[in-house]
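Have a look at the structure below, then the notes.
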Amino acid sequence: MKTLKIEELSKNFGSTEVLKKINLEIDEGNFLVLLGPSGCGKSTLLNIIAGLETINEGDVFIDDYNVSKVEPKDRNIAMVFQSYALYPSMNVKENMIFGLKQAKTSKEKIQEQLEKVSKFLQVDQLLERKPSQLSGGQRQRVAIGRALVREPRIFLFDEPLSNLDAKLRVEMRREIKKLHQQLKTTVVYVTHDQTEAMSLGTNIAIMNHGVIQQNDTPEKIYNKPSNTFVADFIGSPSMNLIKGILKENSGDLLFTVGGSNLEIPIRDYDFKDKLNLNNKEVFFGIRPEHIFFKKFNESDFEINLRADLSEYIGHEQIMTFDYANQEVLAKFPSTIKIDLGKETKLYFDLTQASLFDAQTEERI
Amino acid sequence: MQGNLKSSSYQQLEQKSKYTNMFLRWFLYFILIVFASYFIFPLYVMVVTSLKTMEEIRQGTLLSWPNGLNLESWAVAWGGRGYGAGDTFLRPYFWNSIKMVVPAVFFSTFIGAMTGYVLTKWRFKGDQWVFLFLLFGCFIPFQAILLPMARTLGVLGISNSVIGLVLVHTVYGIPFTTLFFRNYYISVPTELVKAARIDGAGFFKIFFKILLPISAPIIVVTVIWQFTQIWNDFLFGSTFSFGEAAPIQVALNNMVLSSTSVKEYNVDMASAIIAGIPTLIVYVLAGKYFIRGLTSGAVKG
Amino acid sequence: MFKWLEKNLPKIVMAPAVGLIGWFVYGFVLWTLYISFTNSKILPKYELWGFGQYEKLWASRKWLIAVDNLLIFTALFLIFCVVIGIILAIFLDQKIRAEGLLRTIYLYPMALSFIVTGTAWKWILNPTLGIQKMFRDWGFEDFTFDWLVDREMAIYTIVIAGVWQSAGFVMALFLAGLRSVEDEIVKAAKIDGASLFTVYWKILLPMMRPVFFTSFVILVHISIKSYDLIVALTQGGPGISTTMPALYMTQTAFHKSQVGLSAASAMMMFMAVAAVIIPYLYSELRRENAR
């Protein structure tokens with residue numbers, strides 16, 4: 001039994017297709033992050049799960065029951081909003097118990113839940129305050145509390161941290177992580193922030209143009225991106241994508257770039273399909289953090305590139321090198337001194353490299 | 001909480017919400033249409049009555065459809081019957097109103113734009129108090145200034161004249177026009193003015209070359225507001241003018257109240273429509289601006 | 001000299017507006033206040049006479065009727081405008097077809113003058129040929145609706161016409177208020193299981209407190225100043241049964257030539273308006289400064 005299952009779901013606003021044949025499953029207790037740039041359809045998908053938007057095609061199942069046409073209140077979900085959406089005319093207590101009251105829960109049960117949750121979230125001193133008298137972090141807690149008291153099957157979060165300042169955001173992120181570890185409830189969390197997604201999710205679904213690009217664990221998303229969009233979206237700076245051609249040379253496979261003599265051997269790469277690799281146009285992908293200034297592993301591949309630019313950002317520096325007229329970025333500790341305009345010895349960790357078909361942009 | 005609902009109960013929930021929703025929708029439209037009829041009813045009655053003969057009016061009801069497109073009462077309301085003395089009709093008063101409205105709207109809007117400009121872009125110590133000082137003028141009941149105003153117009157020799165009314169409407173429009181322009185200019189970035197000053201533009205150049213060209217929306221709001229207010233005014237018109245200098249609302253009231261002969265309701269209604277049509281046209285053509293003016297300047301009764 | 005001019009140019013530009021308002025508003029109100037303490041008849045006299053005019057005013061039966069009428073009118077006008085305005089705003093907020101058209105219909109009376117409104121309603125309400133005749137022609141032989149000529153009921157005809165004119169405006173204020181509420185609040189309430197009724201009653205309407213306040217101030221202000229509508233609809237009649245303070249003031253000044261007495265009534269109106277407006281301005285300014 002899947003806690004949440006989405007089948008072949010499509011949604012249009014007028015003539016614009018916002019979601020195209022989405023399929024998605026979540027197991028009990030998992031934390032799924034929907035990640036993507038703005039306008040990718042992630043918030044619409046969340047609203048559809050909540051029942052706040054109608055569906056054009058496809059179905060949503062909660063605990064194997066089709067809830068596609070069920071009202072939000074009967075779906076056994078709770079939602080935390082970007083603007084917190086606390087009711088301004090009610091105090092904290094009234095905000096938190098409003099849902100229970102609508103569901104005609106007994107007074108004793110309401111009181112019990114309120115005490116439990118407000119203690120747990122440390123808002124028990126604020127119960128009589130109005131939302132306008134709370135700080136951003138406190139409002140956030142109350143909004144989460146309002147969701148918690150209902151003990152829902154699924155928690156939905158819609159960019160809950162984006163209205164907080166940077167410091168508070170990190171703090172609240174940790175709290176949400178702790179919360180999930182303690183309560184082990186199922187969560188669907190929408191964000192455009194990859195750090196949030198990486199640190200919180202047990203699964204991340206990366207979306208673009210209404211399509212799920214990849215749905216995997218954070219490690220897989222980072223190490224084995226399934227296409228160039230994911231490779232480019234995750235990581236900062238993002239993965240280097242060098243355009244070139246694969247060449248077979250007496251049994252060895254080489255990555256070459258036309259008009260240059262730079263060659264990278266491809267040895268233990270886990271190809272999906274080993275056929276027709278010769279003369280294939282590809283992107284060679286390597287993350288800036290997998291390029292070193294000295295040999296760390298026996299297998300690291302040595303290459304000479306010209307250093308063009310250095311950006312100092314405190315604990316580290318981002319160096320730009322020239323790879324046959326394509327830019328390649330690397331992340332080094334800021335203590336390393338490299339002369340600009342000169343050839344420098346670099347070491348690529350090829351076990352971490354990715355290859356993408358230059359036409360389809362899919363991983364090969 | 002409900003826990004895991006069975007699929008059958010989910011189905012019941014679907015059914016129930018569908019029927020409640022349908023019933024609610026019908027109820028909603030019913031109420032909205034009932035109120036729409038209440039609001040449209042007088043306008044409908046005015047129009048059909050103006051198209052009927054007195055005979056039709058006596059025989060039919062308020063709602064009954066006129067027998068034909070009988071425009072005679074409109075002609076009488078606008079141009080009279082042509083028997084000279086005692087024959088009141090709206091045409092000259094309509095022009096009085098135009099002659100009064102155009103300059104009064106122009107002057108009050110211009111002054112309001114200048115004061116709004118100074119109050120937001122050339123701020124000085126105590127400018128907030130000056131604004132408050134002007135703003136209070138929006139709220140005073142005009143009864144409190146009628147007596148001295150009548151005397152002042154007499155002293156100036158412009159009582160019972162269109163010029164006198166232009167003065168009155170210009171002065172008492174300033175608080176509103178200032179309010180409109182001040183609230184609009186306050187959202188224009190002051191950097192714009194600073195940049196212009198660094199480029200060497202002076203006080204008037206900045207106003208005419210930079211602020212005025214981006215003021216079209218608020219000018220429309222202000223002009224519509226002032227036009228409606230002044231066109232519809234009756235208190236000042238009836239107090240400070242009579243006879244030939246009267247604006248149209250005063251003339252309409254006199255026509256309707258005149259007890260000379262048999263009441264001609266069709267002519268009354270045609271007159272009322274003529275007096276109301278300029279503002280109605282403005283409302284229909286520029287409703288958005290009209291409403292914006294209303295919500296920000298509505299304190300005037 | 002030129003330097004001074006340039007430096008003070010903004011203030012010089014402000015001067016006409018400030019001067020005009022200072023003279024024509026503040027100066028005139030003070031003049032009226034002064035005159036209200038004199039025994040002026042046709043022409044103003046300037047010897048002080050104490051509170052005589054105010055004593056005379058509050059002893060006048062006509063003034064007391066005017067104040068009574070004002071209270072009745074204000075209360076009913078306020079209640080009906082706000083209730084109808086809120087109902088229409090909430091209903092229009094339900095993703096209605098032809099919302100634009102309906103809004104236009106509800107609000108167009110606001111574009112008409114009170115004289116036009118009064119003329120129209122006077123015709124509709126007149127017993128011989130208006131609504132009463134319409135119902136009788138339809139077969140309700142005993143139907144009677146002659147409030148316009150009934151001393152007891154005439155004041156309510158002014159309420160009917162006044163509400164017709166202003167309810168759409170309250171609707172516009174509330175609709176704007178409702179539309180400015182964040183979407184997510186309504187979504188949160190839906191997930192919390194609130195019915196549509198609860199969403200409005202418990203969440204949205206309490207959020208409309210500033211709109212209630214604004215409507216209250218504006219409507220009271222309109223009702224204290226109401227003059228044109230009465231002139232066009234009843235001329236204060238039958239008899240003096242629909243006199244209101246604004247009508248009393250002009251009649252006393254220009255028909256009865258009791259300038260001192262009419263100045264006293266004008267000052268009473270001024271104080272009534274001030275009692276409503278000053279707290280309003282104060283709170284508005286505080287809100288603006290708080291931002």
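Some values worked out for this structure:
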{"quantity": "Residue within region B:45-66 that is in a helix (DSSP H, G or I), free of Cβ contacts under 8 Å to residues at least 60 places away in the same chain, acidic (Asp, Glu) and assigned by TED's automatic domain parsing to the domain that holds B:Ile174 present", "calculated": "no"}
{"quantity": "Complete set of residues in region B:188-233 that are aromatic (Phe, Trp, Tyr), in contact with a helix residue (DSSP H, G or I) (Cβ under 7 Å, 6 or more places away or on another chain) and farther than 15 Å from B:Ala104 by Cα", "calculated": "B:Phe203, B:Phe207"}
{"quantity": "Whichever residue in region A:283-324 is of a type in the set (A, V, I, L, M) and assigned to a loop (DSSP other than H, G, I, E, B) and, among such residues, is nearest to the chain's Cα centre (by Cα)", "calculated": "A:Ile313"}
{"quantity": "Condition check for C:Val231: at pLDDT 90 or above and farther than 30 Å from B:Ala150 by Cα", "calculated": "no"}
{"quantity": "When residues of region C:121-147 are limited to those that are without any contact (Cβ under 8 Å) to a residue 24 or more places away in the chain and within 7 Å of chain B (Cβ to nearest Cβ), the one farthest from B:Asp233 (Cα to Cα)", "calculated": "C:Asp137"}
{"quantity": "Any hit, region B:163-184, residues being more than 17 Å from the chain's Cα centre (by Cα), surrounded by fewer than 14 Cβ atoms within 10 Å (Cβ to Cβ) and in the same structural domain as B:Lys121 (by TED's automatic domain parsing)", "calculated": "no"}
{"quantity": "Region C:242-283: number of residues that are touching a Ser or Thr at 6+ places or on another chain (Cβ under 6 Å), over 20 Å from C:Ala232 (Cβ atoms) and within 9 Å of another protein chain (Cβ to nearest Cβ)", "calculated": "5"}
{"quantity": "Of the criteria (1) surrounded by fewer than 22 Cβ atoms within 10 Å (Cβ to Cβ); (2) more than 7 Å from chain B (Cβ to nearest Cβ); (3) among the hydroxyl-bearing types (Ser, Thr, Tyr), which one C:Tyr108 fails", "calculated": "(2)"}
{"quantity": "Qualifying positions in region A:188-205 - touching a Ser or Thr at 6+ places or on another chain (Cβ under 9 Å) and aliphatic (A, V, I, L, M)", "calculated": "A:Val190, A:Ala197, A:Leu200, A:Ile204"}
{"quantity": "Matching residues, region A:30-53, being in contact with a Ser or Thr (Cβ under 8 Å, 6 or more places away or on another chain) and at pLDDT below 90", "calculated": "A:Glu53"}
{"quantity": "Region A:225-240 - residue that is in contact with a strand residue (DSSP E or B) (Cβ under 7 Å, 6 or more places away or on another chain) and either over 18 Å from A:Thr195 (Cβ atoms) or in a loop (DSSP other than H, G, I, E, B) (or both) and, of those, modelled with the lowest pLDDT", "calculated": "A:Pro237"}
{"quantity": "Selection from region B:134-158 of residues that are at the interface with chain C (Cβ under 7 Å from one of its Cβ atoms), farther than 22 Å from C:Lys256 by Cα and free of Cβ contacts under 8 Å to residues at least 12 places away in the same chain", "calculated": "B:Ile140"}
{"quantity": "Contacts under 6 angstrom Cβ, first residue in region C:176-204 being at the interface with chain A (Cβ under 7 Å from one of its Cβ atoms), partner of a type in the set (Lys, Arg), 6 or more apart", "calculated": "C:Gly193/A:Lys73"}
{"quantity": "Residues of region C:227-241 that turn out to be facing another protein chain (nearest Cβ under 7 Å) and within 15 Å of C:Asn69 (Cβ to Cβ), as a count", "calculated": "2"}
{"quantity": "Whichever residue in region A:164-195 is crowded, with 22+ Cβ neighbours inside 10 Å and within 11 Å of the chain's Cα centre (by Cα) and, among such residues, is farthest from A:Glu151 (Cα to Cα)", "calculated": "A:Thr191"}
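The values are calculated or read from the model by the stated rules, or taken from the named source; none is laboratory data. A quick note: this is a predicted structure, and the numbers were derived from the prediction, not measured. Here the Cβ is made from the backbone with ideal geometry for all residues, glycine too, and neighbour counts use every protein chain on show.
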